[in-house]
């Protein structure tokens, strides 16, 4: 595909979204909805509001940059076209999620982002690490996604609609609903997995196995922000409760610290950035948890600012890798001379990340501190957490944006070279945008931030951004933060030494789970599906009969009235003969005797049929029994003799089971025959047989006329049985026989 | 138009008879097989339309009035199942053109397939309980022979287990039908429904319900009755497993739904914990079984078991939404799972193995094949917007409405497991490098490849389209479930009277 | 007589069940045959017994007032017997083929479906 | 097995048994009997013949291949069910001749159906017996 044509898609979309800034800022809400599965109340529905617009601009804007960048970065990759396709699909899925106006629509696109990210993270599928990371990301976010599904269904059912506008107006109903807590937990499970919150954070650094453009796109601006988006989207209806506050601030704070601490222990550029992303996602969760208008404003600003500087840094990391052959900061240095534009981009982005004046990051950090200082509970603790996280972030920013470009090259084996425009322009643009926002914060705040914040807060919030607020506590903390960051940076060798001993992380838990699952499954399966037919038979029959017995004993009313044993001597004799035959068949160790015993049973049953008015049955039974005996003899003499294979113990066990089956059946028959007889169909058959069926043998008329369809099926069975015998015994030869 | 109801029986039976008469005319048998399945599909479409226009249809074999003669009934549910049967038959017959070897054909492969379809169609249409037993046996004996064709050791071992366990089911079924006749004096299902409504449900009737439930559950491969399925499904050729997995266990579920909504609605409600428990455990143990398998066909066989749990879930919940979800899920799983089976057959043909360890490296050279496996795999795992998602959505919604939280958690948890093992398999087949000592990939000739890929592609497309445009199909499923839960229309269509 | 036949049916089920769960597949086929007979006899019994009078219409076409045997269970059993015969014939030949291919009639040798089978049942029954 | 007496006896018995089987088939509608039992008698007759004369001779005596017998039996039964469709009646509806035919009384499609059963059962039994004997 032509790069220009390819780029025109995200750029066109970006331009369209940019045109909507004005209308949305004035409070317009764009909505389209088409019924999709009306039977289930599902509509494919979209709405463009402030929150969605902010995301949409980031998605399309950074998407365009990434596509441009990849056209150079992956230019000799055999699957570049596939890559572009995946990125565009991913972009569509992202847009669908952030613009969704219906719960199910939102979920569907949410899952699609996970799927596209699977393909993107595993893009270099030949590498084991890529496959592993892709699978991990899919599994973790997929599992979270299903929790989310349960959550949104409960949410929809509680409100009685899956339409987002309706839901966003039902905050009071939901917060007092009995299902509030399950809904919250399920939705947060989805959000936390997607946004790599503790304890699900590990998949994000793992996903760095993806090509750098993918990381830049997925892990800065888009996919990982979806969890944040979800929390922001539903904070007007789910937020504002204690559970929300505690859950989000604690998880966010923990993630923030964990990510930042891990970041400065890394030496790989992408790993550093990945862990700072985890940290930034923690900050955002923390801020959303606080839920004050101030915190919400800070969150939205930080979100935008982070997307800009982090995408820029990821792209520069890729450029460094491309131009020098490594991303290891211990080997790099002085790249500013060979690739000045990249160095400029990285420098600006790092300054924004560190929260330096006059970049956008500074404003975000000031707001952040202001929000934590005014937190609804333990403001000092939260501010301390924020301070620690920010200081570490400063150090990490220096590691990623300063160290590789200044000083001298540490590894002289490397031969860094300049990179082309398509590799340095994409990182430079967002970095410059960060600077631009720093200069014009008020316009940005009014046009983009305020509508988004209004959506998240559920009410209009005045947003007045300024670069300089004068000397206040926040500035003081900022300055101290910078100092602490510098100090941490100077101690970097110490931290990176620590890295030698791998610390414990929840990833090990995941690994343990993943390794344990097949083993557990194998254990269970080889226990249940053990290959031994007679256990299957025992379980199947045993369960069926046990269930029947249980029902028999619970469902019966009154005591069983045994039918009076009556009958003449020859009837009793026949019955005894049958039983004796059955007993002999089980006990004999001679095959011939067993066949004979079987014959005795068969003929005995035929006798019963004669005695009780069924000559047709008896005739058939006699014929069949005879034929069966011939077949048994023909087959059996080719088979081994009976031998005693089972131990006495297992034979006893089997006898108990068998007697259990027998007694349940006996009792069932007793019960059935003791129930009153209901007039059956036979009167009609008797009456109609001669006049309508032209036959006096009612059984035969039933077989060939009244219920001829049964007989048709029956003879089909016979035909196939014959065919089967023939097919099984037909010798294997190329030449076909005559029949 | 009532004679339309007989066509799904006449077409495959006549084709089978012609196939037997023309025993050595392979080409004729193949063409006849394709014509028959195509005709069957057309008939099913006509039936479906007819049912939508005129309501439930019934016809009396031999022109004897119900409940004395045998009734055939088509409602939306059975018409949908018939349509699925026709299409599955068509796909598998086409696939067999390339996949069935001459030895199989010389042993009557095509007529056997037709008899199998006959048994399935009969089971879907019949309104008579004993007649159902007959069709079950027709289906069973044909499946026995198809399973044993070829005579390899593993096939023989699988066949003996399959035969033994299914014959136990038949014996239970027969006893259950006999007892039910003894207690109620009738066999016609609509008539049974009326008579059982009038009778007190004490003594034998609940036991008979349990007995029949167990018998059908064996056929449907529900926990803990499913052992025969994984023990045998990995042994026959792919085309045979495909039709088995698509239709045989589904007939069991169909009959469970039919009998327990029509004849034993009361027992279904009292037995709800039991049914739902069985559903949950079927899902879970099926999924665990699939995870434990190092071989593709066994993995997919266990996957079949696992999905059956979801089908049973709808019956256990007994709400219109749940049943509609189950029916939708059933149709979805037929298409998606079969696409998966057929594609894995192509993979096996090309690689000469089905062991996951020995496979690999197909993504690079055959990206289309990778898509053809991935789309149905994701659909089975319930990833939107493929067909599996909607079925699962309906079931989960219904489960949450009925406050069956544990079961819903299980259904969703098993989804994750399904995603896990299917994607693991996909990675092993396509992304992973081919092991160094593996055989070179066989390149299949174009015609043969087409005959194998087109059916798989068609089924994958069905899953995709049913996912993107679910409404028409789902509405039909909803109508079907409404018809199932309101017996009156069925009874009126059969007996001509309301109760 | 029904009560006695119920015992016979139970006995047939028990014997059939016991034979089904033997290790030898040859015994299994005997078990199947007994189960078939048991099911038929069950239908016959619960369809209620009538001594001696088969469901035939007299030559003059006039039905007598005396009770006759119910023809419906008889027709069902006839169908079931025949189907059972077909299935049994097939199963018999299948067992022969299984024996020929596997080289044993011992069920416990037929466990190729489960490669890692050295886990259960090993401690038992040697 | 090559007993001369049996061989001769069966040669005489064979036509008689075949006649008896036809008798059973035809009277089945009114008295105990019918296509199924009749078919089994045919099978028994040929089985005995085969026991005496060997499997090859048995097949020769039967003239048609058992599988063809099975197929034609099924075909006849199916046809008897299809005929009423031509008259616009449901599948398997019985059609009867207006005037009673000699010997069998009323002739109708149920008789045709029973004939199909008869042929199929005979063919099926013989197919199995021949195949098993051939194996031995």
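Of the residues B:46, B:40, which is away from chain D (no Cβ under 14 Å), modelled with pLDDT of 95 or more, within 16 Å of residue B:93 (Cα to Cα) and part of a helix (DSSP H, G or I)? Break it down stepwise before answering.
Working: B:46 fails: within 16 Å of residue B:93 (Cα to Cα).
Among B:46, B:40, only B:40 is away from chain D (no Cβ under 14 Å), modelled with pLDDT of 95 or more, within 16 Å of residue B:93 (Cα to Cα) and part of a helix (DSSP H, G or I).
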Exercise. So which of B:158, B:151, B:122 ends up being in contact with a helix residue (DSSP H, G or I) (Cβ under 8 Å, 6 or more places away or on another chain), on the phi > 0 side of the Ramachandran plot and facing another protein chain (nearest Cβ under 7 Å)?
Worked result: B:151
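Mind listing whichever residues of the range C:47-58 are within 7 Å of chain A (Cβ to nearest Cβ) and out of contact with any strand residue (DSSP E or B) (no Cβ under 9 Å at 6 or more places or on another chain)? Lay out the reasoning, then the answer.
So the first thing to find is which residues in the range C:47-58 are within 7 Å of chain A (Cβ to nearest Cβ), and the list is C:48-57.
Matches in the range C:47-58: C:48, C:49, C:50, C:51, C:52, C:53.
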Problem set entry | Within the range A:579-633, tally of residues that are crowded, with 20+ Cβ neighbours inside 10 Å and not in a helix (DSSP H, G or I) | 3
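Quick one: would you say residue B:376 is under 30 Å from residue B:472 (Cα atoms) and facing another protein chain (nearest Cβ under 8 Å)?
Numbers: under 30 Å from residue B:472 (Cα atoms): yes; facing another protein chain (nearest Cβ under 8 Å): no.
So residue B:376 fails the test.
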Problem set entry | Residues of the range C:90-126 satisfying the condition of being out of contact with any helix residue (DSSP H, G or I) (no Cβ under 7 Å at 6 or more places or on another chain) and at pLDDT 50 or above | C:99, C:100, C:103, C:104, C:106, C:108, C:111, C:115
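With the condition being surrounded by fewer than 17 Cβ atoms within 10 Å (Cβ to Cβ) and more than 12 Å from chain A (Cβ to nearest Cβ), I'd like the helices (runs of 4 or more DSSP H) fully within the range D:32-88 carrying at least 1 qualifying residues.
Answer list for the range D:32-88: D:55-62, D:66-86.
Residues in the range B:52-83 that are more than 13 Å from chain D (Cβ to nearest Cβ) and touching a strand residue (DSSP E or B) at 6+ places or on another chain (Cβ under 6 Å): how many?
Going through the range B:52-83, the residues more than 13 Å from chain D (Cβ to nearest Cβ) turn out to be B:52-56, B:67-68, B:73-83.
Among the residues that remain, those that are also touching a strand residue (DSSP E or B) at 6+ places or on another chain (Cβ under 6 Å) are: B:67, B:73-74.
The total comes to 3.
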Exercise. Is it true that residue B:247 is in a helix (DSSP H, G or I), within 20 Å of residue B:286 (Cβ to Cβ), more than 14 Å from every other protein chain (Cβ to nearest Cβ) and touching a helix residue (DSSP H, G or I) at 6+ places or on another chain (Cβ under 8 Å)?
Worked result: yes
Problem set entry | Hey, residue B:436 in contact with a helix residue (DSSP H, G or I) (Cβ under 7 Å, 6 or more places away or on another chain) and more than 8 Å from every other protein chain (Cβ to nearest Cβ) or not | no
Exercise. Got a sec? Which of C:23, C:48 is under 25 Å from residue A:588 (Cβ atoms) and surrounded by fewer than 24 Cβ atoms within 10 Å (Cβ to Cβ)?
Worked result: C:23
Exercise. Does the range A:85-104 contain any residue that is more than 25 Å from the chain's Cα centre (by Cα), in contact (Cβ under 8 Å) with a residue 40 or more places away in the chain and farther than 30 Å from residue B:475 by Cβ?
Worked result: no
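Counting only residues that are touching a residue at least 40 places away in the same chain (Cβ under 8 Å) and at the interface with chain C (Cβ under 7 Å from one of its Cβ atoms), which one in the range A:690-728 is surrounded by the fewest Cβ atoms within 10 Å (Cβ to Cβ)? Write out each step before concluding.
Residues of the range A:690-728 touching a residue at least 40 places away in the same chain (Cβ under 8 Å): A:697, A:699-700.
Next, only the ones that are at the interface with chain C (Cβ under 7 Å from one of its Cβ atoms) stay: A:697, A:699.
Values: A:697: 26, A:699: 29.
My answer is A:697.
Grab the helices (runs of 4 or more DSSP H) fully contained in the range A:443-546, keeping just those with 3 or more residues being more than 14 Å from chain C (Cβ to nearest Cβ) and touching a helix residue (DSSP H, G or I) at 6+ places or on another chain (Cβ under 7 Å).
Numbers: elements: A:450-457, A:473-490, A:492-498, A:506-528.
Per the criteria, A:450-457, A:473-490.
Filter the range A:253-300 down to the residues that are outside any helix (DSSP H, G or I) and over 27 Å from residue A:454 (Cβ atoms) and list them by number. Walk me through how you get there before you give the answer.
Here is the first cut: in the range A:253-300, the residues outside any helix (DSSP H, G or I) are A:264-268, A:291-292.
A:264, A:265, A:266, A:267, A:268 - these are the residues of the range A:253-300 that are outside any helix (DSSP H, G or I) and over 27 Å from residue A:454 (Cβ atoms).
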For this session: Return yes or no: is residue C:93 at the interface with another protein chain (Cβ under 7 Å from one of its Cβ atoms) and closer than 30 Å to residue A:656 by Cβ?
Result: no
For this session: Among the residues of the range D:4-18, write down those that are under 18 Å from the mean Cα position of the chain (by Cα) and loosely packed, with under 11 Cβ neighbours inside 10 Å.
Result: D:15, D:16
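State yes or no: is residue B:371 assigned by TED's automatic domain parsing to the domain that holds residue B:471, surrounded by fewer than 23 Cβ atoms within 10 Å (Cβ to Cβ) and within 26 Å of residue A:37 (Cβ to Cβ)? Walk me through it before giving the result.
Working: assigned by TED's automatic domain parsing to the domain that holds residue B:471: yes; surrounded by fewer than 23 Cβ atoms within 10 Å (Cβ to Cβ): yes; within 26 Å of residue A:37 (Cβ to Cβ): yes.
So residue B:371 passes the test.
With the condition being more than 14 Å from chain A (Cβ to nearest Cβ), I'd like the helices (runs of 4 or more DSSP H) fully within the range B:265-371 carrying at least 1 qualifying residues.
Numbers: elements: B:265-270, B:272-292, B:296-317, B:320-351, B:362-365.
Qualifying helices (runs of 4 or more DSSP H): B:265-270, B:272-292, B:296-317, B:320-351.
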For this session: Check whether at least one residue in the range B:301-319 is more than 17 Å from residue B:210 (Cβ to Cβ), surrounded by fewer than 24 Cβ atoms within 10 Å (Cβ to Cβ) and touching a strand residue (DSSP E or B) at 6+ places or on another chain (Cβ under 6 Å), and report yes or no.
Result: no
Exercise. Failed condition for residue B:30, given (1) at the interface with chain D (Cβ under 8 Å from one of its Cβ atoms); (2) touching a residue at least 12 places away in the same chain (Cβ under 8 Å); (3) crowded, with 19+ Cβ neighbours inside 10 Å, with all others met?
Worked result: (1)
Problem set entry | From D:93, D:109, D:8, residue being more than 8 Å from every other protein chain (Cβ to nearest Cβ) and touching a helix residue (DSSP H, G or I) at 6+ places or on another chain (Cβ under 8 Å) | D:109
For this session: Would you mind telling me which numbered condition in (1) under 24 Å from residue B:260 (Cα atoms); (2) crowded, with 24+ Cβ neighbours inside 10 Å; (3) in contact with a strand residue (DSSP E or B) (Cβ under 7 Å, 6 or more places away or on another chain) residue B:470 fails?
Result: (1)
Exercise. Of these, B:447, B:396, which one is under 24 Å from residue B:81 (Cα atoms), outside the structural domain of residue B:49 (by TED's automatic domain parsing) and assigned to a helix (DSSP H, G or I)?
Worked result: B:396
For this session: Check residue A:640 against each of (1) over 23 Å from residue D:125 (Cβ atoms); (2) modelled with pLDDT of 90 or more and name the one condition it does not meet.
Result: (2)
Exercise. Is the range B:210-225 home to any residue that is at the interface with chain A (Cβ under 8 Å from one of its Cβ atoms), crowded, with 24+ Cβ neighbours inside 10 Å and part of a loop (DSSP other than H, G, I, E, B)?
Worked result: yes
Exercise. From the list A:174, A:155, which one is more than 10 Å from chain B (Cβ to nearest Cβ) and either buried (at least 23 other Cβ atoms within 10 Å of the Cβ) or within 30 Å of residue A:513 (Cβ to Cβ) (or both)?
Worked result: A:155
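Could you please give the count of residues in the range A:705-717 that are assigned to a helix (DSSP H, G or I) and closer than 14 Å to residue A:688 by Cα? First the steps, then the outcome.
Filtering the range A:705-717 down to residues assigned to a helix (DSSP H, G or I) leaves A:705-706, A:708-717.
Then drop every residue that is not closer than 14 Å to residue A:688 by Cα, which leaves A:705-706.
Looking only at that region, the number is 2.
The values are calculated or read from the model by the stated rules, or taken from the named source; none is laboratory data. Because the structure is predicted, anything quoted here is derived from the model rather than measured. Because the Cβ atoms are built from the backbone with ideal geometry, glycine has one as well, and the counts that use them run over all protein chains shown.
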